[in-house]
Amino acid sequence: MGDQVFDLERSWYIGNTCFAIIYGIQLCMFFLSSYFLWLNSKADKSRYIYIAYSATLLLLVTIAMACNLFFGQMMWIEHRDVEGGPVVFFLTNIAAWYNTFGTAADVTADLLSNGLMLYRCYVFYSGPNVWMVYIPALVLLASTAMSITATIQSGLPGGDFFHGITTNFTIPWLVLTITFNIITTGMISLRLFMVSRSMKRALTKERAEVYTSVIAILVESAAPFTLLGIGYLITYVRNAPESLWFADVWGGFLALAPQAIILRVAMGSAWSKQMVGQYTASKPGTAVVFASHTYPSESSGTALQTLDRSKGPFDSRNESTTAISKRSELDQELDP
């Protein structure tokens, strides 16, 4: 075997290891988010949707990881002495039912992840700017069609998800789904940068950082997932052995990125339509104008309050007063 063969095997082996680590992180985040969501108000029906969504993602990524590990067992243990070595077994059994099953799970997880990102775009661009959500929605529809076609083709006799049979539908799917992620990441990041200045002027520095810090923007926009997708696309098109590593890690982030957003929702740190509306300026170039006089209070805190009742998540006794006084100052600036 040449070095290229060993590079291919190393890439997939390390990728599977990284996938397992990401799976463990997601498992912890799933239980945390489910716990916090369950502690929220009983009247909030959306918590059941988030828990079911998280459980579905966890199930799909479990199937994908199990299929990858089973394929590795067949390649490196059960059939390690096949003529040509493990790589030949890998290439000749790429259309095996267990590999196709894992591929279908990954593609479905990608669809669910993209659906959540589209909804988050709607949260940030609801109202008069809702028409901007139509652009990523159309890209998502095209990506879904290509993903279904590529998955079906990969399960046919002689099929190959990475190279196709006659036409490779995987490349169009990757281009479309990664383009969708680039668009949504860019839209959400831009919106957060636009609103962050208004929020920092209206809230204390510590509380504003919960929503406007670098980590908050990275999680809300799923930027790491998008960057991994770009890396995967580049290595895939170049037919580099590192593409298998990117495929595994990117496949793990298919579920990890939306799970991180759901965890922020469960902790009361995620942006909502009401917050975006409150912190959107009434006209370009002006300071923020609050849509209502509703401010967070200790009685309407998040599930995190159950861990520390000595101080509410918004520290309402001090911060609400500060926010109201700052609002008065901003209103004076707006009035000529």
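The values are calculated or read from the model by the stated rules, or taken from the named source; none is laboratory data. Being a predicted model, the structure only gives us computed values, none of them experimental. Counting neighbours? That spans all protein chains shown, and the Cβs are built from the backbone with ideal geometry, glycine included.
Flag set for G268, criterion: in a loop (DSSP other than H, G, I, E, B), farther than 30 Å from C67 by Cα, at pLDDT 65 or above and not acidic (D, E). For region 1-56, a tally of residues being of a type in the set (A, V, I, L, M), at pLDDT 90 or above and closer than 29 Å to N239 by Cα returns 4. For region 66-79, does any single residue satisfy the condition of being among the aliphatic types (A, V, I, L, M) and either outside any helix (DSSP H, G or I) or on the phi > 0 side of the Ramachandran plot (or both)? For region 66-79, residues among the aliphatic types (A, V, I, L, M) and either outside any helix (DSSP H, G or I) or on the phi > 0 side of the Ramachandran plot (or both): absent. Within the span defined as region 123-137, one or more residues are without any contact (Cβ under 8 Å) to a residue 24 or more places away in the chain and in a loop (DSSP other than H, G, I, E, B).
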